[in-house]
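Notes to accompany the following structure.
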Amino acid sequence: MYIVYYILLPMNAPITPQSLLQQAAQIQHMERGKLCVLRQGPQGPYYNHQTWENGRNVSRYVPHDQVPALQRAIAGYERFQNLTDQYAQIMIEQTRADLAAGLKKRPHAPNPPGPRRRNPTANRPV
């Protein structure tokens with residue numbers, strides 16, 4: 001089961017880096033990993049939360065009453081990841097555009113200098 005959150009923006013509202021950061025700041029709870037059903041029991045399914053910590057897969061039993069909160073936290077983390085990916089893409093595009101504009105504005109480099117003149121005091125016989 002997945003819980004999806006939508007943040008409604010006005011029609012034609014531009015997505016800006018600032019709006020993405022503001023949306024990310026509104027996420028109240030986050031948790032990495034996924035929620036898995038271990039097995040069915042007499043009162044319903046038993047759940048397990050799996051996540052990576054310090055390079056290892058960690059599994060924790062999740063009591064039935066904590067399942068909805070954990071699902072929201074996992075959805076919050078997924079939303080955060082999506083927003084930061086969008087933010088990074090906008091900033092990458094902006095950086096590339098700035099670099100391309102800078103290359104167009106930059107004057108050509110002057111002709112490289114010719115051979116250097118020798119220092120007469122350094123090259124005289126001792």
- Item | Qualifying residues in region 45-68 (those that are surrounded by 13 or more Cβ atoms within 10 Å (Cβ to Cβ) and among the polar types (S, T, N, Q)) - the one nearest to the chain's Cα centre (by Cα) | 51
- Checked region 79-100 for anything without any contact (Cβ under 8 Å) to a residue 12 or more places away in the chain and closer than 30 Å to residue 33 by Cβ; matches are 81, 82, 85, 88, 89, 92
- Mind counting the residues in region 53-96 that are modelled with pLDDT of 95 or more, of a type in the set (Ser, Thr, Tyr) and not in a strand (DSSP E or B)? 3
- Please name all residue pairs, on different chains or six or more residues apart, with Cβ atoms under 7 Å, provided the first residue is in region 40-69 and is over 20 Å from residue 30 (Cβ atoms) and free of Cβ contacts under 8 Å to residues at least 40 places away in the same chain and the second residue is aliphatic (A, V, I, L, M) and in a strand (DSSP E or B). 45/37; 46/38
- Note on the structure: Output for Cβ contacts, cut-off 7 Å, separation at least six or different chains, first residue more than 27 Å from residue 60 (Cβ to Cβ) in region 17-34, second surrounded by fewer than 18 Cβ atoms within 10 Å (Cβ to Cβ), reads 17/90; 17/91; 20/86; 23/7
- Task: Please work out if residue 50 is modelled with pLDDT of 95 or more, of a type outside the set (Lys, Arg), on the phi < 0 side of the Ramachandran plot and assigned to a helix (DSSP H, G or I).
- Result: no
- Does region 22-46 hold any residues that are at pLDDT 95 or above and either over 28 Å from residue 66 (Cα atoms) or assigned to a loop (DSSP other than H, G, I, E, B) (or both), and which are they? 26, 27, 28, 29, 30, 31, 32, 33
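The values are calculated or read from the model by the stated rules, or taken from the named source; none is laboratory data. The structure displayed is predicted, hence computed values, not measured ones. Here the Cβ is made from the backbone with ideal geometry for all residues, glycine too, and neighbour counts use every protein chain on show.
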